[in-house]
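Here is the structure we will look at.
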Amino acid sequence: MQQLIFILISGTVGFIAFRQYKKVFDNIKLGQSEDISDRKFVRWKNVLLVAFGQKKMFKNWIPAIFHLFIYTAFLFTQVELIEILIDGIFGVHRFFSSFLGSFYTVVISTIEILSFFALIATFVFLYRRNLLKVPRLVKSELNGWPKLDANLILLGELFLVTGIFTMNGADVVLQSIDPMHYPATGSLAMSSMLGPLIFDSFEVQNLMLIERIGWWLHLSVVLGFIVYLPVSKHLHIFLAFPNVYFSKLGPRGKMENMPAIMNEVKSMLGLESETINDSNEEMPEFGANDVFGLSWKNILNAYTCTECGRCSAVCPANVTGKKLSPRKIMMDIRDRAEEVGRNISSGNMKYAKTKDNSAIKHLTGSNYDDGKTLFDYISRAEIHACTTCNACVEACPVMIDPLEPILKLRRYEILTESAGPADWVPMFTAMENSGCVWQIPEEREKWRTEM
Amino acid sequence: MKIKTMAEVSSEDIHVEILFWVGCAGSFDARAQRVTKAFSKLLQKAGISFAILGNEEMCSGDPARRAGNEFIFQMLALQNINTLNMYGVKKIVTACPHCFNTLKNEYPELGGNYEVVHHTQFLQELLNSGKLKVQGGAFKGKKITYHDSCYLGRINNEYEAPRSLLNALDVDLSEMKRSKANGLCCGAGGAQMFKEDEAGNKKINIERAEDVINTGAQIVSANCPFCITMLTDGMKAKDKEDNVMIMDISEMILQDIQ
């Protein structure tokens, strides 16, 4: 009976999860293609150091240590999770204990110690967010759902650890009563001490029930997390790895070149033989005003963001009270990608670019138009405030680049809309007319006569 | 000794090792001109054969590109590359980290391949090779702080060359709480220099001026003409322009040598 329920629930969760992760994948693909297949060795090295090794987290020791507790507990608990899966499907009990022997004791004890540390870390994090109110964790862009999301994850963590200790604690006591059904696990680091302390006077039936409650609690939090992650900031536990892998390797100070414009200017200056001139072609759009103009990597960045705010805490514009927050840029991109993805999968033709065109059979990214853009999420004042100082890029522990989308939005504003800050107009004019950022009547080399 | 342009040296058939890229600020801004002249004197003292582009030089295009105006960037960059390639330039030194970054990292994809060094790196080379010798007197033991420009520091990962110069001057270097990779921007990058600040509760250069003041240093050394402008304005806003001097490292070295 339990087996059947287990398979049914896990199967359903697996199915829902597959559809949700597929949606995330599809939303990431709303962005433009960008080939990132070079320098595989360096990329794997980054994954090892930055994602697995948490290298960039350790620029800030206190949160890094507590985060490490939860992270390592998460990694090791996978062993127990595999056992739960096997036990659940085949109706056995602690499958690994029979053939791992004393090594099993070591494994489970390690998980218990790590879980204990993770428990402490969870309380520390709840404290930092809700009582200590660390500035970057209480900024305005976190009001509402993001704040709830963060606390829900931490609560889930509490339940998860409670489940493990309940299950193991009751088990340890049961081993001494009914060794036939509860094979010896050896002396466990936490439960062999806590179990007898709490559960010694319990009836056998109650103990068996408590052990099952712990087991199912642990399992349901894990299954809950699997379906919850795609709508949560906590998705970073998976996406951090591919995100680090695909992160920019070239010089930080190199902005992406725009070959279309380069070639046009080249032929304009007579520097190269005339390229094919499609004068009757529609003026192309430059830069990005929506997720379609960003690259898939920018959207992957957005889905990877766990809203820790290290970027905004070091952003010179943000710390001096401007509206720009690199974290909010990433959150907005994700929200917009989700909105577009939702509308496209609704199939509602009111989102089609040409509404009376019956030729459109399926909504896709290329025929989509809901009358909104990323600029409905991100204001001009935000993108105008960026100094391109790269502090946000440097700060991100999972190698998100909030600067790239900001610059793509600027490009759209200037090149496609011919808009932008009025202050920049004289600068552009001076550059065009005299090749200098200022319009100055003097000769450029005049200073050398005053040496 | 007169500084020559590439046009002049090539007509006289003289070969020069180095092109000194002066940049818009270095050419026109009164304060940055002083840095340009100081660095030129150091080059002359070290016996480096160099020339400038003079009137043939144009803005590197950095502020246009970062503002989003790729057309103007390409116009300027391609013309500059055309000029540089025409003269067969191999090595460029510049006192502006924005020009440095664009020439070094962005020109290659447009067809401009040169060895580009920042003037603090070049001065380090000159000191190391003994072509320049500091006395270590003028600033010895003085409490000095150093402001990392974003485009030399965090973006091009050069934190040591300028600091090694300060060490050579025997200064008492007092770092700001935000320095090196964590250095705070002066507020000028990304074409902010050429526009008013967005609405907020403080100007970025004032925030940075406060970092400087908190070190108690008498001098803040910098490596970028825009940082120098921003820090100067910041000090004025804090009424500290008479207490804290803002100097380019090349000016300090020249003062030490003279």
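The values are calculated or read from the model by the stated rules, or taken from the named source; none is laboratory data. This structure is a prediction, so every number in the text was calculated from the model and none was measured. Positions of Cβ are generated from backbone atoms using ideal geometry, with glycine treated the same way; all protein chains shown enter the neighbour counts.
Just a few scattered comments:
- Search result, residues across region A:88-104 that are in contact (Cβ under 8 Å) with a residue 60 or more places away in the chain and farther than 16 Å from A:M167 by Cβ: A:I89, A:F90, A:G91, A:S98, A:S102
- Leading residue by the ranking (nearest to the other protein chains (Cβ to nearest Cβ)) among those in region B:63-116 that are small (G, A, S) and either buried (at least 22 other Cβ atoms within 10 Å of the Cβ) or in contact with a Leu (Cβ under 7 Å, 6 or more places away or on another chain) (or both): B:G68
- For B:G88, the criteria (1) of a type outside the set (A, V, I, L, M); (2) within 20 Å of B:L126 (Cα to Cα); (3) assigned to a loop (DSSP other than H, G, I, E, B) hold in every case but one, which is (2).
- Every test in (1) surrounded by fewer than 24 Cβ atoms within 10 Å (Cβ to Cβ); (2) at the interface with chain A (Cβ under 9 Å from one of its Cβ atoms); (3) part of a loop (DSSP other than H, G, I, E, B) is passed by B:N55 save one, and that test is (3).
- Yes/no for A:I62 being farther than 24 Å from A:I237 by Cα, surrounded by fewer than 15 Cβ atoms within 10 Å (Cβ to Cβ) and aliphatic (A, V, I, L, M): no
- Of the helices (runs of 4 or more DSSP H) lying entirely inside region A:364-449, the ones with 1 or more residues being without any contact (Cβ under 8 Å) to a residue 12 or more places away in the chain and closer than 25 Å to B:C227 by Cβ are found at A:424-434.
- Residues of region B:117-134 that turn out to be in a helix (DSSP H, G or I) and out of contact with any Leu (no Cβ under 8 Å at 6 or more places or on another chain), as a count: 5
- The residue that is farthest from the other protein chains (Cβ to nearest Cβ), among those in region B:135-185 that are of a type in the set (V, I, T) and assigned to a loop (DSSP other than H, G, I, E, B), is B:V171.
- Scope region A:421-435; condition under 42 Å from the mean Cα position of the chain (by Cα) and either of a type outside the set (A, V, I, L, M, F, W, C) or facing chain B (nearest Cβ under 7 Å) (or both); matching residues: A:P421, A:D423, A:W424, A:P426, A:M427, A:F428, A:T429, A:M431, A:E432
- When the criteria are applied in full, A:L154 meets the requirement of being in contact with a Ser or Thr (Cβ under 7 Å, 6 or more places away or on another chain) and part of a helix (DSSP H, G or I).
- Against the test of being modelled with pLDDT of 95 or more, within 14 Å of chain B (Cβ to nearest Cβ) and surrounded by fewer than 19 Cβ atoms within 10 Å (Cβ to Cβ), the options A:N289, A:N257 yield a single qualifying residue, A:N257.
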